[in-house]
Structures are given as C-alpha cells and as structure tokens.
1. Applying the selection to region 147-179, what residues are more than 18 Å from residue 77 (Cβ to Cβ) and hydroxyl-bearing (Ser, Thr, Tyr)?
2. Out of 156, 184, 141, report the one residue that is modelled with pLDDT of 95 or more, within 25 Å of residue 21 (Cβ to Cβ) and of a type outside the set (Val, Ile, Thr).
3. Identify, by number, the condition in (1) at pLDDT 95 or above; (2) in contact with a Leu (Cβ under 9 Å, 6 or more places away or on another chain); (3) part of a helix (DSSP H, G or I) that residue 169 doesn't meet.
4. Counting only residues that are of a type in the set (Phe, Trp, Tyr) and closer than 14 Å to residue 39 by Cα, which one in region 90-114 is surrounded by the fewest Cβ atoms within 10 Å (Cβ to Cβ)?
5. Which one of these is farther than 22 Å from residue 26 by Cα, surrounded by fewer than 17 Cβ atoms within 10 Å (Cβ to Cβ) and within 14 Å of the chain's Cα centre (by Cα): 147, 86, 128, 119?
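The values are calculated or read from the model by the stated rules, or taken from the named source; none is laboratory data. Values in this document were obtained by computation on a predicted structure and should not be read as measured data. Because the Cβ atoms are built from the backbone with ideal geometry, glycine has one as well, and the counts that use them run over all protein chains shown.
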Amino acid sequence: MSINKRALHWWSYPGLILLTGLYLWLRHWYLGALVTLYLVGVPVLAGQRLNFRVDRVDLCQALTFSFLILGGVWFFFLVMGASFELPSVNRILFHVFVAAVPEEVYFRGFFQERLGNNLKAVFVVSVLFTLAHTPRMFIEGDLSAVLTFFPSLLMGGLYYKTGNLLHPIVFHALSNLLMESTKGYYPLA
C-alpha cells in the first residue's frame, strides 16, 4: 500500500485536532497514547528526516537558553505570589515523553520543516500549535491554551536558528514543568 505523503501532511492536522478533542472529552488513557503515537507516527510515515542530535554543546545551549528565559518567568511568578511544588516523577516523564518530544517532532520537525523552516513557517506553525491546544479551552475551560502561542514562537525560533529538535524539546519540557509546578498559576489571566 502506497501512502500519499503530500496528503498525509495536510490531512494530519485535522486528525490531530479530532484525536485531541476525543481524548480530552472522554479521558481514556489509550486515546492519549494514540495522540502521542500519532504525533510521532505521521512524520515517520511521511518519511520526514528528523533533525535531532545530542552533544555537549547543543545540550548546554538548550539548557542555558531555557533557564535564562524560564528563570525570568519563574522570578516574575514568584514576585506575583505564586507558590511552587515540584512535580512527581510521573508528571516529569509525562511532560518530557508524552508532551514535549512528540509535539516538537510533529510541529517543528514535521510541519515547520514541510513549510520551509523559515520565519513565516515559525508563525504559521505557532498558530497551528495554539489551535491544537484550544480543545483544552473548550472542554476543560483552561484559558491558558491560548497562551501557548508565545512559547511556540520561541520553540519555533529555536528550531529555525539551530536546526536541532533538542532545543525546542528542552524548552518545551521545562516550560511545561514550570507551569505544572505552579499548578497552573497565571498572574495575567
């Protein structure tokens, strides 16, 4: 059976929105696992080469950038009165392997690459990334879904500048963990 890779590219996004909405509505763990497999499987089936490398320099750059930006966010939250609680090991693993890695593989490694990995692609993919998070807003009433646009611009910019998925994955995971540690505290929301 032959896969139409061009059609897979354009039709994969509505499929993702549908699966995400079903998962958030029904809350069955297997739908969550299916979303994760979908995010990684679509680029693989499309034959997308993923630009991911881990070396000491890239890891140090990714961590330094992430800690500088997120350290500022953490300090702002602290000044605004947020309390912090370290997430459990299960939540840490979730944010790394179920959220950050698959989402960055799909949105940056697949979509942003397919759109040319340029500044226009960063913007378009950030809009798509935000829209993919909006089912949370409609199903759970979580208005923070709309705020994913700005970190997405940073993650897209990181991938655009470095050509390495490691950078947006590290930033995404640490950003999610920061939000998890504040239990969803949003001083401006």
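1. 152, 159, 160, 162
2. Working: 184 fails: modelled with pLDDT of 95 or more; 141 fails: modelled with pLDDT of 95 or more.
That would be 156, the only listed residue that is modelled with pLDDT of 95 or more, within 25 Å of residue 21 (Cβ to Cβ) and of a type outside the set (Val, Ile, Thr).
3. Status for residue 169: all satisfied but (2).
4. First, the residues of region 90-114 that are of a type in the set (Phe, Trp, Tyr): 94, 97, 106-107, 110-111.
Pick out the ones that are also closer than 14 Å to residue 39 by Cα and you get 97, 106-107, 110-111.
Working: 97: 12, 106: 27, 107: 24, 110: 23, 111: 23.
By that ranking, first place goes to 97.
5. Values: 86 fails: within 14 Å of the chain's Cα centre (by Cα); 128 fails: surrounded by fewer than 17 Cβ atoms within 10 Å (Cβ to Cβ); 119 fails: within 14 Å of the chain's Cα centre (by Cα).
Going through 147, 86, 128, 119 in turn, the sole match is 147.
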